[in-house]
1. All but one of (1) open to solvent by 60 Å² or more (accessible area, probe 1.4 Å); (2) more than 19 Å from the chain's Cα centre (by Cα) hold for residue 121; state the number of the condition that does not hold.
2. Which numbered condition trips up residue 230, out of (1) within 30 Å of residue 122 (Cβ to Cβ); (2) touching a residue at least 24 places away in the same chain (Cβ under 8 Å)?
3. Tally up the residues in region 97-116 that are among the hydroxyl-bearing types (Ser, Thr, Tyr) and open to solvent by 30 Å² or more (accessible area, probe 1.4 Å), please.
4. Any idea how many residues of region 197-237 are among the small types (Gly, Ala, Ser) and either open to solvent by 10 Å² or more (accessible area, probe 1.4 Å) or within 19 Å of residue 41 (Cα to Cα) (or both)?
5. Count, please, the residues in region 169-184 that happen to be part of a loop (DSSP other than H, G, I, E, B) and surrounded by 13 or more Cβ atoms within 10 Å (Cβ to Cβ).
6. Please specify each residue of region 42-51 satisfying the condition of being closer than 22 Å to residue 212 by Cα and open to solvent by 10 Å² or more (accessible area, probe 1.4 Å).
7. Kindly indicate which of 126, 150, 193, 143 is out of contact with any helix residue (DSSP H, G or I) (no Cβ under 8 Å at 6 or more places or on another chain) and either assigned to a helix (DSSP H, G or I) or modelled with pLDDT of 95 or more (or both).
8. Taking residue 113, is it assigned to a loop (DSSP other than H, G, I, E, B), under 22 Å from the mean Cα position of the chain (by Cα) and either hydroxyl-bearing (Ser, Thr, Tyr) or closer than 18 Å to residue 93 by Cβ (or both)?
Amino acid sequence: MGKVKNDIAMVVSDLDGTLLLDNDLISPTVLEARRRLDDKDILFTIATGRGWSQTAHVAALLGVTIPIAVQSGALIVSPENGKILQSFLIPNDISRMIWDLRDEITDFFVLDLKGDYCNVGIRTDEGRRLEDLLQEKSVKVDEAWSIPKEGVVKFLCVGQPVDVMRMSHRIKAIYPGVKQILWREQRHGWYLELFSPKANKANAVKNIATHYGVKMEQIMAFGDGENDRELLTEVGWGCAIDNAPLDIRQKAWKTIRGPEEDGVAQALSRWVLQPSTEGSWLKRFMTFIPTRS
């Protein structure tokens, strides 16, 4: 595959495992590449599985000025104030059926448009860990609590692998089109996120891009996880981090190195910011060791 044409109009990046170092740090090399995108009038935004409250400070550091996709594309928000510009929700009737499936061996959290993670009580160790992380965003409700009439952003089921998988199958039976994202927190429990079928990063990015007259084939995107799958295959230039699942890497346009080696910044320098011959760049790419101040 040859060099990128000069028709990249937008760059979109995932955060965790793709752009950010530990503790939400951003490499100076990445920040410089981000600045140079502005010099070339190339739009830049974020598409992340995080909520807005965990994304706002990163968006500010990166100087994002156009709408951002959060909650894996279920919400599009303004970087100025976090106001929800567009949402893709699980409908009220379906949400009520899913809510009624909760059991005694997994923890259920329901994310509403206010940003609250509603639950009827925590039973698992991982649920308690998550509750500590959410702090005031974790809201205990009683059994008579009603699903918001507008629907919900997502369900989050936490527990042991066999229990979470059993819940996944039960939910799939009543809501075949549900978007399910299953993942494991390192050294901790298993998570199952449930979204509307319309809630994915590709759909959200397409809506953002359309507003600015940008086509999907004019976008370069970066990601490393299951929730990046559609985005990396639907944009013109999808770049997967080298530790992404194999099938995602196989379908991506390119595979690049992770944030510890400034993979995104190097890819932008090669394919967007300063064209050069692929062979000579690849040799430098494989041996270059970035320095950070």
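1. (1)
2. Of (1) within 30 Å of residue 122 (Cβ to Cβ); (2) touching a residue at least 24 places away in the same chain (Cβ under 8 Å), only one is false for residue 230: (1).
3. Final tally of qualifying residues: 0.
4. Residues in region 197-237 being among the small types (Gly, Ala, Ser) and either open to solvent by 10 Å² or more (accessible area, probe 1.4 Å) or within 19 Å of residue 41 (Cα to Cα) (or both): 5 in total.
5. 2
6. 42, 43, 44, listed by residue number.
7. 126
8. Numbers: assigned to a loop (DSSP other than H, G, I, E, B): yes; under 22 Å from the mean Cα position of the chain (by Cα): yes; either hydroxyl-bearing (Ser, Thr, Tyr) or closer than 18 Å to residue 93 by Cβ (or both): yes.
Against the criterion (assigned to a loop (DSSP other than H, G, I, E, B), under 22 Å from the mean Cα position of the chain (by Cα) and either hydroxyl-bearing (Ser, Thr, Tyr) or closer than 18 Å to residue 93 by Cβ (or both)), residue 113 qualifies.
The values are calculated or read from the model by the stated rules, or taken from the named source; none is laboratory data. Since this is a predicted model, take the numbers as computed values, not measurements. Reconstructed Cβ throughout: ideal geometry from the backbone, glycine too, with neighbour counts over all protein chains shown. The protein model used for the area step is the full one, side chains on, heavy atoms only, and it has no ligands, DNA or RNA in it. Shrake-Rupley method; radii C 1.70, N 1.55, O 1.52, S 1.80 Å.
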